[in-house]
Amino acid sequence: MSGPAPATYVVAVRALCEFTAKAGDLDLRFTPSPTAQEGIAGHSIVTSRRNGNYQAELSLTGDFGPLHVRGRADGYDADQNLIEEIKTHRGDLARMPDNHRQLHWAQLRVYGHLLCASRGLEEVNLALVYFDIGTQQETVMRETRGSEELAKMFADQCTRFVAWAEQELAHRVARDAALQTLTFPHADFRPGQRELAENIFKAHTAGRCLLAQAPTGIGKTVGSLFPALKAAPRNKLDKIFFLAAKTPGRQLALDAAATLTASDPAFPLRVLELASRDKSCEHPDKACHGDACPLARGFYDRLPAARQDALAVPVLDRAALRDVALRNGVCPYYLGSEMTRWSDVIVGDYNYYFDGGAMLFGLAQANQWRVSVLVDEAHNMVSRARSMYSCELDRGALKAARSAAPAFLQKTFDKAGRYWGALSSGSAPYQVLPEMPEKLLVALQVLVSAITELLVESAAPLDPALQRFYFDALKFTRLAESFGTHSLCDVARGEPGRSTISIRNIVPAHFLAARFSFAHSTTLFSATLSPWNYYSDALGMPAHTGWIDVASPFQSGQLAVHVVDRISTRYKHRAASLGPIVDLMASQYMKTPGNYLAFFSSFEYLEQIAAVFTERYPAVPVWLQARRMNESERGNFVDRFTTASRGIGFAVLGGAFGEGIDLPGARLIGAFVATLGLPQINDVNEQVRMRMQARFGAGYDYTYLYPGIQKVVQAAGRVIRTESDRGVVYLIDDRFAQPDVRALLPRWWVVSPPTSETG
Ligand code: SF4
């Protein structure tokens, strides 16, 4: 498994300059920067205005000691011996912080040197071209530099980076050597864990993606991280991204990394946890620039010491990162962003790699990292990805933002309001628009630019109502750029003057396919990932993606599964179902007293059942999930399930208690699932069904059946958590007896014939 130690350190021009030429304050006032599409469009507008011997995108490389520097200058005009570096921007250029401009010059001068060196030129003309996305105007700054002067500047830059690069090279050699001899941290694999690990290792060797359905209890976190780490040296992986849907999943990954490297306190593996800005910010009342926030002031001046300090901590979780950051007087959130460059395993939420402006994906592309992506609890991916590429704008929010906005913005708001009003005036409560509403869109773009200007000028954060609307409008206008059949645009009309306009992504494949094809290997794993084609189609996984269904470590005798087909939970049969469900639950409870969870399709249904239950069986303790429980209330609900308690918890399927809670042994001995979990039939879901039908020929299954049964299996999966657990599951609805539904239940379940159930 040994690979040659990298003899040279490859660095992109941009990364080199960001390391050596950034100084002063962190300053995000000149953001939001143009989108990637706007940037590409801006570049092509500028280059299309050039003529003669103009070459767009000129690849340049050069070496300095162990450094191999590479990059692509935006354009070279041979007639004028002129290199251009094009930067797109929004808003007044005069407000661009000076250190941004210095960085751009540094980059351009490196290109200048690389060109002179490769073509033997005595001097070269350099032009920084700032292209305003809004006005389409160019502002050009020029200088002429001699080759010797540029060579000296290049040498200066590189000299400042060499020591760091050598340290990184040494770390990489040590890391890969340690990973080659890494041994599994336990005496043996758990049943199923080896199969998972081997398949992930093979997927890395083949450089392909893998969908892994792997049951609870086999140790998926260690079972996925271990093979990815083992595969890193041979596959020349730069980084492993471990992505989880929720905080507990991130903690499991951090714990797994600590376990894997526990044999050697100096194990050369750098692990980083990324937390959101909301959770990491030390000054939420301030804006991210040096005039407002002390941790942004002088950020780049203090960054080198903070960075070096951070490297001394092998597992930089949120708390450790905060310690290092505050010790060095820098912002923890932005120090975390910086440390992604120098970490081997990065643990964070899905959005860091999969959403529109995902930081990890952006950095990986810019630096051409070879990455492995591990996605935990991946059954969440379809819904999470849809929400990343969806956006809702509420007319009430526009009005609230207008009230909070300064006077000079009122007219701009009014214009957007007028176009919105025209859209809202239809009579249908719900309408799918055949295309994006162009006039409203343009008005929103103007509004976004105007608020961006305001943001650039203001020292304090915007008023919350204005800020909320601004972010929503920004996302809306950006999503509108890539609108297509993968998404729909609709208007929902309420009372007069109230309406919501949405862009809803339906098939995230359009956005995610490039993420999967970029990574060396991506593994999606979860206990419920069937049928694989649903996930593969909806997410846009490559054609050669592998699929494994790891056998459960549990025996069928551990779980009695009953289908109760004499009850229908359809809406029209609800009233008739209450009594039979309640009696069934009570009968099971009397037979085997202990802790149970009962799942229903809605709070309304839950409350109806609970009312009948407490009336008929007042002696049985019950506790109910309430609407909008906060974190501590949710914790209290789960804590009611103890080894000594007895009772029934009532919960909504697909809610806070349907997955992600672990109640082993006597803490939970049974579940009643009185719903198929099918999403509600409504206008939006019917649109989804039609699109899924048109695209994949599986409208009903992809919209209703598969997402519904996935939730049922997740919820029922709360019962058996260890190989010594015993329990019972009641699937209450006649449709559970249908073969197509039964086929979606876990292989290891042995379902009692419906007729055996008497209630
Ligand atoms: S501490 Fe908060 S306000 Fe200050 S730079 Fe960091 S994220 Fe921005």
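Using the Karplus equation 6.51 cos²θ - 1.76 cosθ + 1.60 (θ = phi - 60°), what ³J(HN,Hα) coupling, rounded to whole Hz, does each residue of segment 107-115 give in order, writing x for Gly and Pro?
These are the phi-based 3J(HN,Hα) values: 4, 4, 5, 5, 4, x, 5, 4, 5 Hz.
So for segment 615-759, averaging the separation of alpha carbon pairs under 8 Å that are six or more residues apart and normalising by length, what relative contact order in percent results? Spell out each step's value before the answer.
Values: 166 pairs, mean separation 36.3, N = 145.
This gives 25 percent for segment 615-759.
Over segment 342-466, what relative contact order in percent results from Cα pairs under 8 Å that are six or more residues apart?
23 percent
Relative to the longest principal Cα axis of the chain, at what angle does helix 247-260 sit, 0 to 90 degrees, rounded to 10?
Roughly 70 degrees between the two axes.
All other residues with a Cβ under 15 Å from the Cβ of residue 379 taken together, and with Lys, Arg as +1 and Asp, Glu as -1, what is their net charge?
Charge balance near residue 379 sits at +1.
What are the ³J(HN,Hα) values, in whole Hz, obtained from phi via the Karplus relation 6.51 cos²θ - 1.76 cosθ + 1.60 with θ = phi - 60°, for each residue of segment 292-303 in sequence order, with x given for Gly and Pro?
10, 10, x, 7, 9, 5, x, 3, 6, 6, 8, 4
Relative to the longest principal axis of the chain, what angle (0 to 90°, nearest 10) does the C-alpha long axis of helix 509-518 take?
With rounding to tens, the tilt is 60 degrees.
Distance between the C-alpha centers of segment 192-213 and segment 517-532? Whole Å please.
Each part's Cα centre sits 10 Å from the other's.
List the aspartates and glutamates whose Cα sits under 16 Å from the Cα of residue 411, skipping any in the same chain fewer than 8 residues away.
453
Taking every DSSP beta bridge with both residues inside the chain, roughly what % is antiparallel (nearest 5)? Kindly include the intermediate steps, with their values, before the conclusion.
Values: 38 of 102 bridges.
Roughly 35 percent of the beta bridges in the chain run antiparallel, per DSSP.
Do any chymotrypsin sites (Phe, Trp or Tyr not before Pro) in segment 456-555 lie in a loop, going by DSSP, with at most 16 other beta-carbon atoms within 10 Å of their beta carbon, and if so which?
Those that pass, being in a loop and sparsely packed, are 483.
What whole number of Å gives the distance from the Cα centroid of segment 697-718 to the Cα centroid of segment 44-103?
50 Å
May I ask you to work out the translational diffusion coefficient for segment 539-669 at 37 °C, viscosity 0.692 mPa s, via Stokes-Einstein with Rh from the Kirkwood sum over Cα pairs, reported in whole µm²/s?
Answer from the Stokes-Einstein relation: 195 µm²/s.
Could you tell me, in Å, what Rg and Dmax come out for the Cα atoms of segment 222-372?
15.4, 48
Show which lysines lie in cross-link reach of residue 236 when reach means a straight Cα distance below 27 angstrom and same-chain residues fewer than eight apart are skipped.
202, 220
Write out the trypsin sites (Lys or Arg not before Pro) in segment 167-214 meeting two conditions: DSSP loop, and at most 13 other Cβ atoms within 10 Å of their Cβ.
In loop regions of segment 167-214 (DSSP not H, G, I, E or B), there are no sparsely surrounded trypsin sites (Lys or Arg not before Pro).
Below 8 Å between Cα atoms, with a sequence gap of 6+, how large is the relative contact order for the chain in percent? Don't skip to the end; give the middle numbers.
On the way: 1361 pairs, mean separation 95.6, N = 759.
Once normalised by length, the contact order is 13 percent.
Tell me what the chain gives for mean residue ellipticity at 222 nm when only DSSP H runs of n ≥ 4 count, each as -39,500 (n - 2.57), the sum divided by the residue total, rounded to 500 deg cm²/dmol.
The helix contribution divided over the chain gives -13500 deg cm²/dmol.
How large is ³J(HN,Hα) for each residue in segment 205-219, as worked out from phi by the Karplus curve 6.51 cos²θ - 1.76 cosθ + 1.60 (θ = phi - 60°), to whole Hz, x for Gly and Pro?
Ordered by residue, 3J(HN,Hα) equals 4, 7, x, 10, 8, 9, 9, 10, 8, 9, x, 4, x, 9, x Hz.
Let me know the longest stretch in the chain that avoids all GluC sites (Glu not before Pro) found in a DSSP loop with at most 16 other C-beta atoms within 10 Å.
436-722
Using only the alpha carbons of segment 66-191, what is the convex hull's orientation-averaged projected area in square nanometres?
Over all viewing directions, segment 66-191 projects a mean Cα-hull area of 13.7 nm².
So how long is each side of the chain along the principal axes, counting just the alpha-carbon atoms, biggest first, in Å?
93, 68, 48
Name the long-range amide H neighbours of residue 564: under 5 Å, sequence gap of 5 or more, or other chain; modelled H, no Pro or chain starts.
For residue 564, the qualifying residues are 731, 732, 733.
For segment 270-300 and segment 562-584, compute the distance between their C-alpha centroids and round to whole Å.
Comparing the Cα centres of segment 270-300 and segment 562-584, I get a distance of 53 Å.
List, in the order given, every pair from 239/279; 22/239; 399/711; 22/230; 22/87; 279/439 whose Cα-Cα distance in the structure shown is over 27 Å. The partial results should precede the final answer.
Details: 239/279 24 Å; 22/239 24 Å; 399/711 38 Å; 22/230 36 Å; 22/87 17 Å; 279/439 38 Å.
Those over the limit are 399/711; 22/230; 279/439.
List every residue whose amide H lies under 5 Å from the amide H of residue 433, counting only residues 5 or more places away in sequence or on a different chain, with H placed 1.01 Å from N in the peptide plane.
The answer is 489, 490, 491.
Considering only 488, 698, 169, whose Cα is most displaced toward the positive end of the charge dipole of the chain, charges sitting on Cβ of Lys, Arg (+1) and Asp, Glu (-1)?
So the residue we want is 698.
Net charge around residue 44, counting only other residues with Cβ within less than 12 Å of its Cβ (Lys, Arg = +1; Asp, Glu = -1)?
Every neighbour counted, the sum reads -1.
Since every read-out is calculated from the coordinates, none of them should be taken as a lab result. This one's a predicted model, so the numbers in the text were calculated from it and none came from an experiment. FYI the Cβ positions are ideal-geometry reconstructions off the backbone, even for glycines, and counts take in every protein chain you see.
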